[in-house]
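Structure first, commentary second.
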Amino acid sequence: MTPDREPPEPLAPFTPSAPLEPLEAVTGVRQSVSVVLPVRLTGAPDWPRGPLPFPAGERARDAEWRRRYFAPSVARALYGRRWHRTAAITAGPLTLVGLELLGAARPDDPHRALGVLHFDVTGPALLAVLRAIGARPGALPDPLTGPLAPAALFGTAADTDPPAEPFAIARPYTVAFLTPDPTHTAALRTDGGPPPAADDWLRALAGRWAERDNPSTPQRQERAAQEAIRLSADWSAMVGHHGTAFLGHRPDTGDGDFYAFAQGHIRSVHLDALLLGMVQRDHLNALADQLSSVFGTGRGLARRLGALEDDIAAFRSAYWRPHQSVHGPAAGLLRTFRAQHDLPALFDAILTEAADYSRIVQTRESRQIAGALGVLTILGLPVGTALAVLQVLGDQNPWHLLIALTAALAATGAALTTRYGRLVLASLRGRPSRR
């Protein structure tokens, strides 16, 4: 079964005729933001299972509908431990429409999860909300407080205190969407496609900054068009380190417009692709951290490395299918997210380093086996010689046997003091002899 086709889009170009409007003063026809933050599950939530089922024509975008866009292993990871709850809470320009929990357990943290808050935004406040979430200088107070505080919304289902880890998400990740009306000429396409100002809007929404926060350089403006992902003639996306933005390029006509489908797709399939990228980043950072401490002060290097190799194999099986994880335009979002965080190179480095450490362990084990054989040789040769001599002489006197064994052990001790003997003992201990 193939994914549902998107409704046809009007492709007639729109010619701008109004002066450009700064993004901070824009009120889009549709404005929404999904906020992703790290949490820890305190148990199985008493919520409906599965992702939040946003409407999609005659049926909802539930787990069964979304599975068609993902490989089976990825779909199990995204929807096997997922819960949702609808809501209707308004505070300032934000209206909460629902929240989700996605279990993202790691071997070292089985309660790890991602929490998702879905908001509609009213008024010319989308960029202001994003700047506040990003804690930009001079921004509004954090909107995720009071009735919209994550601790109040998730309640006893999850612990929302930021995890004390070097690779934890410092600020929540945001996924923003804005569609223009006929006056928003900075975003509207012409015969040549979206104007450069549209890509500037995308970068501002994805980066959660205004021009005064981070003035653009000519080089960065030249890269903007290359960084944008053209989903179609009508809308584009841009993936950043701290957020992703979607922007329409023709006037939104309101109810029944294609953008209603697009908004639901952003909150479902496209968001799920980004969630997969976040889980991959979290797991890879954890694997890299484990790998950096595999040579601890304690014993059991082979056991620790074996457990790490098991974790790498489990991660690859469940989450890392670079060429068959996601289908459709969402695949481009995931690839760009991975590239933003250099995940393919990080995973290759982890595999290379783990293979190097495995060779070190195999060399140590081979050296220890060789040392054990050397000890058997040094010990067995004098004893065997003494017993053979007594057998040839036909001597069965127990005192003579004891004297022979004592002499053999003395010879063995003397042999172990030689350079070869010291080398054998060092090999048996698992480290080379140092002179």
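Using the Cβ of G254 as centre and a radius below 12 Å, the other residues enclosed give a net charge of -3, where K and R count +1 and D and E count -1. The convex hull drawn around the Cα atoms of segment 181-292, when projected onto a plane and averaged over every direction, covers 9.0 nm².
Ignoring ligands, DNA and RNA, what percent of the accessible area of segment 236-278 is carbon or sulfur (1.4 Å)?
51 percent
Scattering from segment 48-207 was approximated by placing one identical point on each alpha carbon and applying the Debye formula without solvent; log10 I(q)/I(0) at 0.14, 0.20 1/Å stands at -0.93, -1.39. Rounded to the nearest 20, the size of the Cβ-charge dipole of segment 62-127 about its Cα centre is 280 debye, with Lys and Arg at +1 and Asp and Glu at -1. Heavy-atom accessible surface of segment 15-152, averaged per residue, reaches 42 Å², computed with a 1.4 Å probe. Along segment 74-84 the Karplus relation, 6.51 cos²θ - 1.76 cosθ + 1.60 evaluated at θ = phi - 60°, assigns HN-Hα couplings of 5, 4, 5, 5, 7, 10, x, 10, 9, 9, 8 Hz to successive residues, with x for each Gly and Pro.
Only protein atoms count toward the accessible area here, which uses a 1.4 Å probe; on segment 34-163, the carbon and sulfur part of that area reaches 57 percent.
Under 5 Å between amide hydrogens, built in the peptide plane, is the criterion, and for T42 it picks out A158, D159 among residues at least 5 positions away or on other chains. Placing +1 on the Cβ of every Lys and Arg and -1 on the Cβ of every Asp and Glu, with nothing else charged, gives segment 108-210 a dipole about its Cα centre of roughly 280 debye. Counted by Cβ distance under 12 Å from G193, the other residues give a net charge of 0, where Lys and Arg count +1 and Asp and Glu count -1. For segment 134-142, putting each phi into the Karplus relation 6.51 cos²θ - 1.76 cosθ + 1.60 with θ = phi - 60° gives couplings of x, 6, 6, x, x, 6, 5, x, 3 Hz, in residue order, rounded to whole numbers and with x for Gly and Pro.
The values are calculated or read from the model by the stated rules, or taken from the named source; none is laboratory data. From a predicted model like this one, the values you see are computed outputs, not experimental measurements. Because the Cβ atoms are built from the backbone with ideal geometry, glycine has one as well, and the counts that use them run over all protein chains shown. Ligands, DNA and RNA are stripped out before the accessible areas are found, and what is left, the full protein with its side chains, is counted by its heavy atoms. Shrake-Rupley method; radii C 1.70, N 1.55, O 1.52, S 1.80 Å.
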